[in-house]
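The structure appears below as structure tokens.
The values are calculated or read from the model by the stated rules, or taken from the named source; none is laboratory data. Computed from a predicted structure; not experimentally measured. Neighbour counts are summed over all protein chains in view; Cβ atoms, including those assigned to glycine, are modelled from backbone coordinates with ideal geometry. Surface accessibility is based on the protein's heavy atoms, side chains included, excluding ligands, DNA and RNA. Shrake-Rupley method; radii C 1.70, N 1.55, O 1.52, S 1.80 Å.
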Amino acid sequence: MSDTAPSPKNTPALKASTQGPLTLWLGLKMSTMARVVRLGAEIHPCRWARLSLLPGMGVYNSVMSLVENLRYGRAIRETQIRQPPIFVLGHWRSGSTLLHNLMTSDPQFCFVNLYQAMFPWHFLTTEGLGAKLAGPLLPKTRPMDNVGMGFDQPQEDELALCVMTGHSPYLLPIFQSNTRKVDRFFDVQQGLTPSELQEWKDAMTLLIKKITLKTGKPVVLKSPSHTFRMKLLQEMYPGAKFVYIYRNPYTVYKSSIHVRNTMYEANALGRNHLEGIPEDVFQTYESCFQTYERDRLLVPEGNLHEVRFEDLEADPLGTLQKMYNGLGLTGFEGLKTALEPQMESFRKYKKNKFTDDPQVMERVYQRLKYAFDRYGYPPPHLEAEQAAV
């Protein structure tokens, strides 16, 4: 089978978006919306329901951003980030969401939630009422899997950075026929111009300050994109700690194909172009792997801990305790107390199931053999044979 087209055997059938008119772009200000359009965002009248909401939301976000600055600008500027963030890293679909959700159950930490990520410019002003009014419009689970959704749930800060700057790989759904346009937004230190990089850094710091002002707690941030930015994040936040989660590369590949298909459909503003997704996944995985392997050597001892997804799934509390010890974090008993009542629902969680195609298994193994070797996973066909015994 060609590796340039999705396999119907390997990927669940693509369904219509459960998000309806809700998209990543509802939090954009008019200025960022115009920037994305100038960059060449793919727009088509077939997406009229989504497109019709954007001008009004752009004006609303622009106005409320000014209101927020008037109300909280001085307090935000005076807020100090006294404890450097903890960053959860790892390629998409490696289990970073699970790890982030578990870590942020610790009452000593805070996180960026879905409302704050969607509306970063004005959540201090609008979250209380806005989340309550818009909450019923959210689907019960994420479009790509069975993880529950809610405006108060932990979310990737990359979504907020995309909304605030437009310098993000999360623009991919509106650049499906020319994905190379967003390549430079992965490693922003290398890909952005000096002025764009400064804007990105300012947005990141502003977001952390606002979360700090709201909660008064150190923040745990999660974004696979940050795996490309470890060097920059250490420069910005000396003493930052990193948790890197990895998973069987074959599982990651299969799930990545599914999530790209799903998120492209859920957030497209033009027609879908899905034929290049498998090769894009291979290239992104390779770049993510190589960047991490290079930059992890720059992290001081005790500030980086690696987690194997299968270990976390089998023994959440034991794996988290090892992580706390490895990073020199205190307060594990508080996390344990918070998580123990959740263990029953954790065991009942049902993951997406994919049908294995022998040709795909071999192709993935040949393309990602370096990762199978690094992480100690057997070739997928051997693992499938062992599971069948």
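Extending 7 Å from the Cα toward the beta-carbon at both Lys140 and Arg180 defines two label points whose distance is 4.5 nm.
Shape class for the range 293-336: oblate, because the ratio a/c of the largest to smallest gyration tensor axis (alpha-carbon atoms, square roots of eigenvalues) is 1.5 or more and b/c is at least a/b.
In the assembled protein chains, Asp106 presents an accessible area of approximately 0 Å² (probe radius 1.4 Å). What is the range 56-163 by shape, rounded, prolate or oblate, if you read a ≥ b ≥ c off the alpha carbon gyration tensor as root eigenvalues and call it rounded for a/c under 1.5, prolate for a/b larger than b/c, and oblate otherwise? Cα axes put the range 56-163 in the oblate bin.
Accessible surface computed residue by residue for the chain, with neighbouring protein chains in place and a 1.4 Å probe, gives 45 Å² per residue. Taking only protein heavy atoms and a 1.4 Å probe, the accessible area of the chain is 56% carbon and sulfur. When His44, His258 are compared by accessible surface with a 1.4 Å probe, the order from highest to lowest is His44, His258. Take the Cβ atoms of Glu313 and Glu78, set R0 to 56 Å, and the FRET efficiency comes out at 0.85.
Ranked by solvent-accessible area (1.4 Å probe, protein heavy atoms only, all chains present), the residues Arg47, Arg374 order from largest to smallest as Arg374, Arg47. A simple count of charges around Met64, restricted to other residues whose Cβ falls under 12 Å of its Cβ and scoring Lys, Arg +1 and Asp, Glu -1, yields 0. Using only the Cα atoms of the chain, each taken as one equal point scatterer with no solvent, compute I(q) by the Debye sum, divide by I(0), and report log10 of the ratio at q = 0.06, 0.08, 0.12 Å⁻¹. For the chain at q = 0.06, 0.08, 0.12 Å⁻¹, log10 I(q)/I(0) is -0.22, -0.41, -0.98. Between Glu344 and Gln321, the contour length at 0.36 nm per residue exceeds the Cα-Cα span by 6.4 nm.
What is the calculated FRET efficiency for Cys46 to Glu275, with r their C-beta to C-beta distance and R₀ = 25 Å, to the nearest 0.05? With R0 = 25 Å, the Cβ-Cβ based efficiency is 0.85. The length gained on full extension between Phe332 and Val67, counted as 0.36 nm times the residue separation minus their Cα-Cα distance, comes to 91.4 nm. Taking 7 Å steps out from each Cα toward its Cβ at Ser287 and Gln190 produces label points 0.9 nm apart. How would you classify the range 244-380 from its alpha-carbon gyration tensor, with a ≥ b ≥ c the square roots of the eigenvalues: rounded for a/c under 1.5, else prolate if a/b is greater than b/c, otherwise oblate? Prolate, because a/c is 1.5 or more and a/b exceeds b/c. For Arg296 and Ala34, a Förster radius of 30 Å and the Cβ-Cβ distance give a FRET efficiency of 0.20, rounded to the nearest 0.05.
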